[in-house]
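This report refers to the structure that appears directly beneath it.
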Amino acid sequence: MTSEETRQLLIRIREYVDTTVLPLERDFLNRPFRELLPGMQEQRAKVRALGLWAPQLPAAWGGLGLPLPEFAHVAEELGRTPLGHYLFNCQAPDAGNMEVLMECGTPEQQARWLGPLARGEVRSCFAMTEPEFAGSNPVWMNTRARRDGADYVIDGHKWFTSSADGAAFVIVMAVTNPDAPKPHQRASQIIVPADTPGYRIVRNLPVMGEAGADYFSHSEVVFENCRVPQAHRLGGEGEGFVIAQRRLGPGRIHHCMRWIGICERAFELMCRRAAGRELAPGRPLGSRQLVQEWIADSRAEINAARLLVLDAAGKIERGGAKAAREEISIIKFHVANVLGRVLDRAIQAHGALGMTDDLVLAWWLRHERAARIYDGPDEVQKAVVARMILKRYGMEDTPDH
Ligand SMILES: Cc1cc2nc3c(=O)[nH]c(=O)nc-3n(C[C@H](O)[C@H](O)[C@H](O)COP(=O)(O)OP(=O)(O)OC[C@H]3O[C@@H](n4cnc5c(N)ncnc54)[C@H](O)[C@@H]3O)c2cc1C
């Protein structure tokens, strides 16, 4: 259930998205994002002036202070367009970085990095995955941060650092305690300003035919003899993995509700097409049972997915991410797959038009296939869920890695 206040907020957001953001999509789909940046900054200022800025952030940081289950509905509304989360300053990876800075940052770190992020003056990124090591095993990595006086000197190679292009700083996961007995106590999260000597972007990775730019990029980055003060470490030494786990719970609610927003938009487009496209005079596409099945299945799958995510959000809100571990893994793989099916049906319903960038569907297909991979691939999530269940039936837990 949403509060009356949130319902009113959702109406205002829907109106803004429909009248102002959706008309920007054609340009977004057909021009390099960098060219659109000045216009995007104007839109962000408008969102702030309307009092809709950063709905997930507490009021003390300039946001609306929505609790997670209420923000979930906002995330869905904004998910109806690829620009929504970005224009409202609740986009990944900044939202996760802001959360971590709020929870683990020192007052100095918060003033220097959280404040500008919350105000939308800068962007950030998060570098954990490495090309040479399996990202599905989050405790296995090669990047090292060794102490040298009051500094860390970081060496390593990362990729798929989303939004690194143009980011003011990167939060890097690096091994600081290689000899810690438990693998998940070996790494720390360290803030590296983007202008630090030794840090550089090698390239924006070409993903599904697009190298992307600025916020919409995924970069390969290197750290070579990259020196930062130890005061840039978030939390305690060796706590990097624990901090990463903490950010994943709310982060998955954000992603999953955004995906449900995408599903709803794809569903709207599919239904309009089914009702309006005639296969022959007086014979709309939607008169075919096969197409009706796409519509009925999609409706049922989206409704069910939303309930699962709201249930997980409620559990996180009441008991923290740890208490909702099973639910968080369930929604991660389940909703990512609902998204894939609904998008695919919507594209099929549009025929050749569905393959073009005249509609937003193909963009989403290119960009959201990754939903089944990032933040833990399907298979890893399913293994977590199954092992938790089997444990209740007496099976001994087997280590992940
Ligand atoms: C668009 C996009 C954005 C990303 N953004 C970021 C980012 O901002 N920062 C960051 O650090 N990383 C990011 N990543 C990286 C992402 O988190 C990793 O790709 C992910 O963790 C998987 O790691 P990997 O690619 O090394 O695959 P691998 O670990 O090599 O796994 C390959 C495949 O093996 C299968 N597999 C893995 N484990 C198991 C298992 N236990 N059982 C059965 N099958 C299994 C899965 O199908 C998996 O897809 C991003 C990735 C993408 C695609």
Hey, does the range 24-33 have a residue that's touching a Pro at 6+ places or on another chain (Cβ under 9 Å), among the charged types (D, E, K, R) and over 25 Å from GLN189 (Cβ atoms)?
-> yes
Is there a residue in the range 221-234 that is under 25 Å from the mean Cα position of the chain (by Cα) and away from the ligand (no atom under 16 Å from the Cβ)?
-> yes
Residue satisfying condition, being modelled with pLDDT of 95 or more, under 25 Å from ALA305 (Cβ atoms) and aromatic (Phe, Trp, Tyr), within set PHE88, PHE133, PHE126 | PHE88
Any residue in the range 78-89 that is surrounded by 20 or more Cβ atoms within 10 Å (Cβ to Cβ), out of contact with any helix residue (DSSP H, G or I) (no Cβ under 6 Å at 6 or more places or on another chain) and under 16 Å from GLY261 (Cα atoms)?
-> yes
Pairing a residue in the range 348-377 that is closer than 25 Å to THR161 by Cβ and outside any loop (DSSP other than H, G, I, E, B) with any residue that is small (Gly, Ala, Ser) and within 13 Å of the ligand (Cβ to nearest atom), where Cβ atoms lie under 6 Å and the two sit 6 or more apart in sequence or on different chains, gives ALA371/ALA336; ARG372/ALA336
What number of residues within the range 301-347 are over 17 Å from the mean Cα position of the chain (by Cα) and not in a helix (DSSP H, G or I)?
-> 1
Residue among ARG345, ARG306, ARG265 that is modelled with pLDDT of 95 or more, surrounded by 18 or more Cβ atoms within 10 Å (Cβ to Cβ), in contact with a Lys or Arg (Cβ under 6 Å, 6 or more places away or on another chain) and closer than 24 Å to ALA370 by Cβ = ARG265
If you go through the range 378-401, how many residues are touching a residue at least 40 places away in the same chain (Cβ under 8 Å), surrounded by 13 or more Cβ atoms within 10 Å (Cβ to Cβ) and more than 10 Å from the ligand (Cβ to nearest atom)?
-> 2
For the subset of the range 109-150 comprising residues that are away from the ligand (no atom under 16 Å from the Cβ) and of a type in the set (Gly, Ala, Ser), which member is surrounded by the most Cβ atoms within 10 Å (Cβ to Cβ)?
-> ALA118
Condition test on ARG80, is it basic (Lys, Arg), away from the ligand (no atom under 16 Å from the Cβ) and either more than 14 Å from the chain's Cα centre (by Cα) or within 30 Å of ALA266 (Cβ to Cβ) (or both)?
-> yes
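For every residue, the table says whether it meets (1) surrounded by 24 or more Cβ atoms within 10 Å (Cβ to Cβ); (2) closer than 25 Å to LEU114 by Cα.
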residue: TYR152; (1), (2): yes, yes
residue: THR161; (1), (2): yes, yes
residue: PRO181; (1), (2): no, no
residue: ALA187; (1), (2): yes, yes
residue: GLY198; (1), (2): no, yes
residue: LEU205; (1), (2): no, no
Is it the case that the range 147-156 has a residue that's over 23 Å from TYR374 (Cα atoms) and without any contact (Cβ under 8 Å) to a residue 40 or more places away in the chain?
-> yes
State which residue pairs qualify: first residue more than 19 Å from GLU15 (Cβ to Cβ) and inside the range 31-48, second residue among the acidic types (Asp, Glu) and surrounded by 14 or more Cβ atoms within 10 Å (Cβ to Cβ) in any location, beta carbons under 7 Å apart, and separation of 6 or more residues or different chains.
-> PHE33/ASP214; ARG34/ASP214; LEU37/ASP214
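The values are calculated or read from the model by the stated rules, or taken from the named source; none is laboratory data. What you are looking at is a predicted structure, and each value in this text was computed from that prediction instead of being measured. Cβ coordinates were reconstructed from backbone atoms using ideal geometry, including for glycine residues, and neighbour counts include every protein chain displayed.
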